[in-house]
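The structure appears below as structure tokens.
The values are calculated or read from the model by the stated rules, or taken from the named source; none is laboratory data. Here the structure is a predicted model, which is why all the values come from computation and not from measurement. Reconstructed Cβ throughout: ideal geometry from the backbone, glycine too, with neighbour counts over all protein chains shown. Surface accessibility is based on the protein's heavy atoms, side chains included, excluding ligands, DNA and RNA. Shrake-Rupley method; radii C 1.70, N 1.55, O 1.52, S 1.80 Å.
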Amino acid sequence: MAKDRTEPEGNEELCTFSEQENGDCTVSTTVVGASGELAKKKIFPALFSLYYEDFLPKNFVVFGYARTKMSDDELRNMIRETLTCRIDTRLIDARICRENCQDKNHKMDEFLKRCFYHSGQYNSEEHFVELDSKLKEKEAGKVAHRLFYLSIPPNIFVDVVRCVSLKAPSIKGRTRVIVEKPFGVDSESAEKLTRGLKQYLAEDQIYRIDHYLGKELVENLLVLRFSNLVFEPLWSRNYIRNVQLIFSEDSGTEGHGRHFDNYGIIRDKMQNHLLQILALFAMEAPLSLDAEDARNEKVKVLKSMRPLKLEDTVVGQYKGHSKGDKSYPSYTDDPTIPNDSLTPTFAAVAFFIDNARWDGVPFLMKAGKALHTRRAEIRVQFRHVPGNLYERKLGTDLDKTTNELVLRVQPDEAIYLNINNKVPGLGMKLDRTDLNLLYQTRYPREKADAYERLLLDAIEGEGRFFVRSDELDAAWALVTPLLKELEEKKVVPELYPYGSRGPVGAHHLAAKHNVRWGDLSGDDS
């Protein structure tokens, strides 16, 4: 099938400032799957926040598209129930708060006037012709750039993309499509999905969204590393002993057990969120901030990674237990999950990057559900000081006194560096303390949601924090053999109590590589 080549060349923004001022162009965003939870809780609120903060072009229109029968007013009422805006009430007095709330209500009404709905089947070209007609009516002859957000199951991505490409593309402007994970369940299914999308779209029209790449600390990772001279000389095997990527949730799979059981924690969190963060952390400096340059370096990291080994992997599954008067369910207590399910809700894996910068440095990754806390962070443990003059003052456990850089992605975003320091006084007593940048203290204004940032990037044509097809291929090529081995050998996950720190095997894996998990020290700074 030949692609529609009406797409302009280059990566310029959808609407330049002069076009916005003159009203010569418009941006049309269509949320496909508009009646779903993601659209209601994340996508529409993110679009409103962008409008509230004046980040959307002067001319824009928002359409919802789904199979559900709904009028424009019914869509607006649905959106109104979930709309929020980032008004910081901590630093403003009551008068300003009232004025802001009035402004919010005014802007909400103005935003909702730009929201419309069309009901149709996801595989119906006829219904997308009708959508195209409505879009053209609202675009009023201006140069129209169209963004389609596919908030739908991946098995109907290709049907929708076909209908969009053939019946509802922008004629004079750009057509871009955002697709939500999962992008397949292994290399084969991911390649099939990519082939299907590329029948109708060019690679630069496809925006594979991973909301974790829109997190404030993840975006700041490149700034921290490449704009601070103090870090670059240290960012290698010469000074870094190990790197840990830790993701934990304090809730189980209640409410979405059937869905999770088809994927497991490695597919759900490691193959995408954590592996993307690892690639950003370990990559070489790109030639520029251009999206392609940054993604080229990420691909090099992924292709340099050593094949994963089963003996460097621990999988677990949470079990029920009682604590006081409260009982916690096991994973298989969910009636939608088979009693004999071997799907892991926890995994710890040792990764290695075989290149000059990182040769021999273990990158330990662990992710799990129903753990003792909610946390996502990167921990960089540096090597011990050779010939340390204060070794006797530090005690015998040097691991507890190693310098450690921590980037906490959530909750309470922070960057802190653990150092050894003299306790004030006449004696020579050393203490481990930290140099701390706590975001909510330094930057008290409420931060943008990840979906806001990534939607704005897609509108502006910035693809740096979206996943390119060769990145996706490289990530699945690394993880798929391990997944197949786990499934073919029917590896039984180690049980761990709901609300615990995870299976004991994770500690043995860390010890095997001479590593102590940094989140076990009780130092949550």
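For (1) modelled with pLDDT of 95 or more; (2) charged (D, E, K, R); (3) within 16 Å of F466 (Cβ to Cβ); (4) surrounded by fewer than 18 Cβ atoms within 10 Å (Cβ to Cβ), each residue gets a yes or a no:
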position	(1), (2), (3), (4)
I152	no, no, no, no
A168	no, no, no, no
E180	no, yes, yes, no
F183	no, no, yes, no
D204	no, yes, yes, yes
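Which members of the range 182-233 meet the condition of being part of a helix (DSSP H, G or I), among the aliphatic types (A, V, I, L, M) and either in contact (Cβ under 8 Å) with a residue 60 or more places away in the chain or under 30 Å from L405 (Cα atoms) (or both)?
Residues of the range 182-233 part of a helix (DSSP H, G or I): 187-198, 203-205, 211-214, 216-226, 232-233.
Of the ones still in play, those that are also among the aliphatic types (A, V, I, L, M) are 190, 193, 197, 213, 217-218, 221-224.
Hits for the range 182-233 are A190, L213, L217, V218, L221, L222, V223, L224.
Can you name every one of the helices (runs of 4 or more DSSP H) wholly within the range 245-340 that holds 1 or more residues which are in contact (Cβ under 8 Å) with a residue 40 or more places away in the chain and open to solvent by 60 Å² or more (accessible area, probe 1.4 Å)?
Fully inside the range 245-340 and qualifying: 257-261, 291-303.
So which residues in the range 431-446 are open to solvent by 60 Å² or more (accessible area, probe 1.4 Å) and either at pLDDT below 80 or assigned to a helix (DSSP H, G or I) (or both)? Steps first, please.
Keep residues of the range 431-446 that are open to solvent by 60 Å² or more (accessible area, probe 1.4 Å), which gives 431-432, 435-436, 440-443, 445-446.
Of everything in the range 431-446, those that are open to solvent by 60 Å² or more (accessible area, probe 1.4 Å) and either at pLDDT below 80 or assigned to a helix (DSSP H, G or I) (or both) turn out to be D431, R432, Q440, T441, R442, Y443, R445, E446.
Restricting attention to the range 58-70, report how many residues are crowded, with 21+ Cβ neighbours inside 10 Å and part of a loop (DSSP other than H, G, I, E, B).
1
Return the pairs, sorted by first residue and then second, in which the second residue is in a helix (DSSP H, G or I) and not small (G, A, S), the first residue lies in the range 474-490 and is surrounded by fewer than 16 Cβ atoms within 10 Å (Cβ to Cβ), the beta carbons are less than 7 Å apart, and the residues are 6+ apart or on different chains.
E485/L310
Show the residue pairs meeting these rules: Cβ distance below 7 Å; 6+ apart or different chains; first residue within the range 121-141 and without any contact (Cβ under 8 Å) to a residue 24 or more places away in the chain; second residue surrounded by 15 or more Cβ atoms within 10 Å (Cβ to Cβ) and not in a helix (DSSP H, G or I).
Close Cβ pairs (under 7 Å, with a partner that is surrounded by 15 or more Cβ atoms within 10 Å (Cβ to Cβ) and not in a helix (DSSP H, G or I)) amount to E130/H118; E130/G120.
Within the range 341-361, count every residue that is among the aliphatic types (A, V, I, L, M) and assigned to a loop (DSSP other than H, G, I, E, B). Can you show your working first?
Residues of the range 341-361 that are among the aliphatic types (A, V, I, L, M), as a first pass: 342, 347-350, 353, 356, 361.
So of that shortlist, the ones also assigned to a loop (DSSP other than H, G, I, E, B) come out as 342, 356, 361.
Residues flagged as among the aliphatic types (A, V, I, L, M) and assigned to a loop (DSSP other than H, G, I, E, B) within the range 341-361 amount to 3.
Would you check if R241 is touching a residue at least 60 places away in the same chain (Cβ under 8 Å) and in a helix (DSSP H, G or I)?
No.
Please determine whether any residue of the range 473-489 is outside any helix (DSSP H, G or I), among the aliphatic types (A, V, I, L, M) and closer than 30 Å to G320 by Cβ.
So the first thing to find is which residues in the range 473-489 are outside any helix (DSSP H, G or I), and the list is 489.
Right, trim to among the aliphatic types (A, V, I, L, M) and you get none.
No, the range 473-489 has no match at all.
Give just the number: which of (1) open to solvent by less than 20 Å² (accessible area, probe 1.4 Å); (2) more than 30 Å from T343 (Cα to Cα); (3) touching a helix residue (DSSP H, G or I) at 6+ places or on another chain (Cβ under 7 Å) does S236 not satisfy?
(3)
For the range 362-389, enumerate the residues that are surrounded by fewer than 23 Cβ atoms within 10 Å (Cβ to Cβ), modelled with pLDDT of 90 or more and part of a loop (DSSP other than H, G, I, E, B).
P362, H372, T373, R374
Sort out which residues of the range 179-195 are under 22 Å from E292 (Cα atoms) and out of contact with any strand residue (DSSP E or B) (no Cβ under 9 Å at 6 or more places or on another chain), and write them in order of number.
Correct list: A190, E191, R195.
Within the group K136, K107, which residue is under 18 Å from N59 (Cβ atoms), at pLDDT below 95 and open to solvent by less than 70 Å² (accessible area, probe 1.4 Å)?
Just one listed residue meets the conditions, K107.
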